[in-house]
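The values are calculated or read from the model by the stated rules, or taken from the named source; none is laboratory data. Keep in mind that what you see is a predicted model, and the values were worked out from it rather than measured. For neighbour counting, all protein chains shown are included, and Cβ atoms are generated from backbone atoms with ideal geometry for every residue, glycine included.
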Amino acid sequence: MTKYAFFEGEIRSIHDAKISVMTQTFNYGTGCFGGLRGYWNQEREQVYVFRILDHYRRFLHSGKILMAHVPYSAQDLAEITIELLSREGWRENCYVRPLLYKADETIGVRLDNMRDAVTIFSVAMGNYLPREEGLRLCTSSWRRVDDTAIPPRGKITGAYINSALIKSEAHLNGFDDALVLNQDGHIAEASAANLVMIRHGKLIVPPISANALEGITLASIIHLAQHELGVACEAREIDRTELYYADEAFLCGTGAQVVSIASLDHRTVGSGSEGPITAAIRALYFRVVRGEEPKYMHWLTPVPQVVPA
Ligand code: PMP
């Protein structure tokens with residue numbers, strides 16, 4: 001159970017981290033958030049947070065879209081998070097949720113001239129369960145929010161209505177998740193994860209301008225594929241039917257991690273089970289996040305253990 005949150009400038013009991021129903025962001029969805037994972041390495045009895053500074057840089061970029069004035073740098077937020085996790089003392093995988101919100105308690109929607117506040121909490125997120133059977137996806141009947149309306153480049157709380165519509169429709173129709181098309185009819189991503197398609201031995205991903213999030217897991221995977229596995233990557237438009245022809249495909253994200261796609265719209269993708277390139281990427285990704293790849297330790301921040309007095 002979560003014990004602490006960073007709230008109103010200090011780490012305090014989670015029970016004391018409460019906002020008013022009048023809070024602007026609660027009323028209008030004008031906040032932004034992040035999502036980071038901490039991975040527990042059993043042998044070293046150590047939690048490692050994955051790419052903490054990159055997550056907070058993106059968090060502050062999302063804040064820029066919302067005209068937020070944040071008195072913290074990415075480094076400050078990273079230090080606060082490590083202190084919070086150290087106090088929390090997770091001895092398992094965990095997930096960190098920072099939120100930036102408009103704290104004014106007034107009626108009237110706008111972004112400028114507001115008091116901006118940051119809160120951070122963490123939850124245990126269990127062990128990774130391999131989904132060897134792969135995901136069964138559909139194409140959503142919803143379209144992805146557009147940069148001209150609600151910019152999906154930022155992790156903006158209100159924009160997750162779009163993700164929620166996509167995810168619930170997919171679930172209620174018996175699928176694990178959905179791919180969503182942008183206004184041009186090309187694939188953007190899944191409800192809350194980026195898409196990677198593999199054709200002819202190469203990774204192909206939708207460009208960020210297709211209205212996908214600038215995914216940190218995606219960037220990490222492209223780097224690992226290119227530099228460690230010698231697999232090239234190209235960003236270009238992908239049609240829904242091209243995925244029916246794919247040799248392999250997977251979703252990636254902090255929450256999703258790396259999970260293969262078994263089918264789309266009832267058409268088997270590739271062999272229908274995890275392909276060799278996906279398997280190699282997934283295995284390497286999990287070694288990296290658990291601190292088993294010395295070359296990539298710079299992507300990890302260890303959480304100091306508080307020794308009980
Ligand atoms: N797309 C969306 C819409 C998301 O919410 C997420 C999860 N943050 C991702 C992609 C994956 O991004 P990341 O790898 O940075 O977690």
When you scan the stretch 91-106, do you find a residue that is without any contact (Cβ under 8 Å) to a residue 40 or more places away in the chain, touching a strand residue (DSSP E or B) at 6+ places or on another chain (Cβ under 9 Å) and either within 16 Å of the ligand (Cβ to nearest atom) or not β-branched (V, I, T) (or both), even just one? no
Six or more apart or on different chains, Cβ atoms under 8 Å: show the pairs whose first residue is in the stretch 290-309 and without any contact (Cβ under 8 Å) to a residue 40 or more places away in the chain and whose second is assigned to a loop (DSSP other than H, G, I, E, B) and surrounded by 14 or more Cβ atoms within 10 Å (Cβ to Cβ). M297/G291
Just to be sure I understand the filter: pairs with C-beta atoms under 6 Å, separated by 6 or more residues or on different chains, first member in the stretch 176-194 and within 15 Å of I261 (Cβ to Cβ) and among the charged types (D, E, K, R), second member near the ligand (Cβ under 9 Å from one of its atoms) and outside any strand (DSSP E or B). Which pairs pass? D177/S191; E189/A212
Taking D265 as meeting all but one of (1) touching a Phe, Trp or Tyr at 6+ places or on another chain (Cβ under 8 Å); (2) within 16 Å of the ligand (Cβ to nearest atom); (3) not hydrophobic (A, V, I, L, M, F, W, C), write down the number of the exception. (2)
Which of the residues spanning the stretch 186-234 are within 13 Å of the ligand (Cβ to nearest atom), hydrophobic (A, V, I, L, M, F, W, C) and closer than 19 Å to V269 by Cα? I187, A188, A190, A193, L195, V196, V205
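So which strands (runs of 3 or more DSSP E) are wholly in the stretch 76-175 and hold at least 1 residues that are in the same structural domain as G35 (by TED's automatic domain parsing) and closer than 16 Å to T30 by Cβ? Please lay out each step first, then the result.
Numbers: elements: 94-102, 116-124, 135-143.
By residue number, 94-102, 116-124.
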Is it the case that the stretch 191-210 has a residue that's outside any loop (DSSP other than H, G, I, E, B), of a type outside the set (A, V, I, L, M) and either crowded, with 23+ Cβ neighbours inside 10 Å or in contact with a helix residue (DSSP H, G or I) (Cβ under 6 Å, 6 or more places away or on another chain) (or both)? yes
If we keep just the residues of the stretch 269-308 that are in a loop (DSSP other than H, G, I, E, B), crowded, with 17+ Cβ neighbours inside 10 Å and not acidic (D, E), which is farthest from the chain's Cα centre (by Cα)? G270
